[in-house]
Amino acid sequence: YTCQEPVLDFCYLPSVCGSCKALFRRFFFNASSHQCEEFIYGGCGGNRNNFETKGECFKAC
């Protein structure tokens with residue numbers, strides 16, 4: 001038996017670029033690779049699997 005904190009549901013959401021046309025470098029948790037990976041965020045919309053730094057991504061997910 002191991003005691004681990006559950007991964008939050010939003011960590012399993014896909015990366016979403018959003019509906020605007022900005023070019024923000026962001027990170028999302030890739031549930032397949034179990035890694036935080038970079039993507040380009042447009043600045044509007046999206047979901048909670050969107051972090052300003054890789055460190056924030058790993059801390060949350």
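Each value in this text was obtained by applying a stated rule to the coordinates, not by laboratory testing. As the structure is a computational prediction, the values presented were derived from the model and not from experiment. No Cβ is skipped: glycine too gets one built from the backbone with ideal geometry, and neighbour counts run over all protein chains shown.
Database remark: amide H of Gly46 closer than 5 angstrom to the amide H of Gly18, Ser19 (H placed geometrically; neighbours at sequence offset of 5 or more, or on other chains; Pro and chain starts carry no H). Karplus-based coupling profile of segment 50-61, in residue order and whole Hz: 7, 10, 6, 10, 5, x, 4, 4, 5, 5, 7, 10, with θ = phi - 60° in 6.51 cos²θ - 1.76 cosθ + 1.60 and x standing for Gly or Pro. Applied to segment 33-38, the Karplus parametrisation 6.51 cos²θ - 1.76 cosθ + 1.60 on θ = phi - 60° returns per-residue 3J(HN,Hα) values of 9, 6, 10, 8, 10, 7 Hz, with x for Gly and Pro. Taking other Cβ atoms within 10 Å as a rough exposure proxy, Leu13, Leu23, Leu8 sort from fewest to most as Leu23, Leu8, Leu13.
Would you indicate which of (i) 1.16; (ii) 1.08; (iii) 1.02 is the value of Cα Rg over 2.2 N^0.38 Å derived from the coordinates of this structure? Recomputing Cα Rg over 2.2 N^0.38 Å here gives the entry labelled (i). Using a cut-off of 15 Å between beta-carbons, work out the net charge of the residues near Gly45 (Lys and Arg +1, Asp and Glu -1, Gly45 not included). In short, +3.
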